[in-house]
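Novice: Structure below; questions to follow.
Rule-based calculations on the coordinates, nothing more; no lab input. What you see is a predicted model, and the numbers here were worked out from it, not measured in a lab. A quick note on method: Cβ atoms are made from the backbone with ideal geometry, for glycine too, and the neighbour counts reach across all protein chains shown.
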Amino acid sequence: MSAMSHQDLLSDPSHPPAPGLADWLALADELGARLRLDITEREQANASPAPQIAMLRDAGLLTLTIPSAWGGKGQPWHTAVQTVRRLARSDGAIAQLLGYHYAWLRIAQAIGGANTQALLTQTASQGWFWASAGAPRAGRLVLHPRPEGGYLVQGESGFATGAAVADRLFVRGVDSATQRVVVVALDTRQAGVEPGGDWNALGLRQSASDSLRLVNAAVAAQDVLGTFQTISEPPPMVSTLGVLAFQSLFTQLHLGMAEGAVLEAADYVRQRAQPWVHAQVAHAQEDPHIQNGFGQAVASLQAVAALAERADAAVSWLFGHAESATPAQRAEVAELVACAKIISVQAGLAAASDVFNLTGARATRRAQGLDRHWRDLRTLTLHDPLAYKLNEVGRYFLGGEAPEPSNYR
């Protein structure tokens, strides 16, 4: 069942919420209200998000998607991404960290290795927060086998979002002896895990997207999640699905940030904005130009929400059919996801920027913090270039050229 009536800017009474979803959205709203209290100060300080991760842990959100039989809440991916989207209305950086955590757990569970259940059971009982080692600067991370089992990991990443505050890192690298791709869960509480402390960006300032060095960081044999093909062989279907989960997650984050901008701007117009001298209305919200502007923003974001939900459903279908899905079906899902992401970038940036035309000069004050939504969106939308997404969809539509799976498609 669709949850659009409880998640979108405009409700739809014909679509009741999925079971239990409303409770998680209410919790996200509660946490969002707390996060907004000091978000301007935290952003300006470029502070560590460790206290906010602890808030998510205390609220039970870190175990949301872990199966109930393994100690988690057993909620579906749809509930997770809608919760992230709701939180992004208030704090884009913390929502990004939570969304990444859910995505890494989803990928780990999809791999289905012999150690997966034990690791996720520990994650539930210990309240572990997951991030990843990020995209390596030079080729791939290298995993050197240890005589007693497990690996020593070496390599550097330019961006490793959340690694500085994570308990476990999802690491994909190459076994130096066999040249096979190996996925492991790396304990961050050890020497050899060295975040750079160098993240100081336009937006998402509390996302802890620092560089990372791994210098002989140890991984025990029981923390190996899976071993796959050699680097010269095509990957199995299951190992190409994670990127689609992330690309779809980006769409939900873009949407939530843009919705947050529109909602905060609407509150400002209702409560604080003064009507323009030539508007000939008593209150700013009665100005037809302001009404038109909000109408455009809301209509655009409603359309993004509908396409995002369709893309998420397609990704969930693909995860559920990983053993039988064909490359052609993966391509179909990938292009639905790409379309949703393209529109979320275009509509999201427009809405988060245009709110200043509707609120006026006083809304640009730093203390207001309305600009953070655009800054967060602008930063996240640069994760991979929009031009290449447009080209990918165009090539597929015109010539049926399926995208070759990569870290970005």
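Novice: Under the rule a/c < 1.5 gives rounded, and otherwise a/b versus b/c splits prolate from oblate, where does the stretch 205-291 land using the Cα gyration tensor?
Specialist: prolate
Novice: To check you understand DSSP bridge types, tell me what percent of the beta bridges within the chain (both residues inside) are antiparallel, rounded to 5.
Specialist: The antiparallel fraction comes to roughly 80 percent.
Novice: Using alpha-carbon pairs under 8 Å, 6+ residues apart, how would you state the relative contact order of the chain in percent?
Specialist: 16 percent
Novice: Shape call for the stretch 4-126 from the C-alpha gyration tensor, a ≥ b ≥ c root eigenvalues: rounded (a/c under 1.5), prolate (a/b greater than b/c) or oblate?
Specialist: oblate
Novice: Continuing with the same structure: So how do ILE342, ILE53, ILE111 line up by other beta-carbon neighbours within 10 Å, fewest first?
Specialist: If I rank by nearby Cβ atoms, fewest first, I get ILE342, ILE111, ILE53.
Novice: Give me a comma-separated list of calculated 3J(HN,Hα) values for the stretch 274-283, in order, Karplus coefficients 6.51, -1.76, 1.60 applied at θ = phi - 60°, integers in Hz, x for any Gly or Pro.
Specialist: 9, x, 5, 4, 8, 6, 6, 10, 7, 9
Novice: Quick one: 3J(HN,Hα) in Hz for the stretch 257-262, Karplus 6.51/-1.76/1.60 with θ = phi - 60°, rounded, Gly and Pro as x.
Specialist: 5, 5, 4, x, 4, 5
Novice: Continuing with the same structure: Using every pair of alpha-carbon atoms in the stretch 130-230, split the distances into 10 Å bins beginning at 0 and state the percent of pairs per bin, rounded to integers.
Specialist: For the stretch 130-230, the pair-distance distribution reads 18, 51, 25, 6, 0.
Novice: Could you line up GLU148, GLU43, GLU401 from fewest to most neighbouring Cβ atoms inside 10 Å?
Specialist: Fewest to most other Cβ atoms nearby, the residues stand as GLU148, GLU401, GLU43.
Novice: Taking a ≥ b ≥ c as the square roots of the Cα gyration tensor eigenvalues, with a/c under 1.5 meaning rounded and otherwise prolate when a/b beats b/c, else oblate, which class fits the stretch 319-409?
Specialist: Here the stretch 319-409 falls in the prolate category.
Novice: Going by how many other Cβ atoms sit within 10 Å of their own, how do SER132, SER239 line up, fewest first?
Specialist: Ordered by Cβ neighbours within 10 Å, fewest first: SER239, SER132.
Novice: Could you tell me the center-to-center distance, by alpha carbons, between the stretch 93-163 and the stretch 42-75 in angstrom?
Specialist: 16 Å
Novice: List the GluC sites (Glu not before Pro) in the stretch 314-351 that DSSP assigns to loop (not H, G, I, E or B) and whose Cβ has at most 12 other Cβ atoms within 10 Å. Which are they?
Specialist: Here the sparse-neighbourhood loop sites are GLU323.
Novice: Gaussian network model of the chain, Cα springs within a sub-10 Å range: biggest mean-square fluctuation belongs to which of VAL277, VAL165, VAL219?
Specialist: VAL277
Novice: Per residue of the stretch 79-85, what does 6.51 cos²θ - 1.76 cosθ + 1.60 with θ = phi - 60° give for ³J(HN,Hα)? Whole Hz please, x for Gly and Pro, Karplus curve as stated.
Specialist: Residue by residue, the stretch 79-85 yields 5, 4, 6, 6, 5, 4, 4 Hz.
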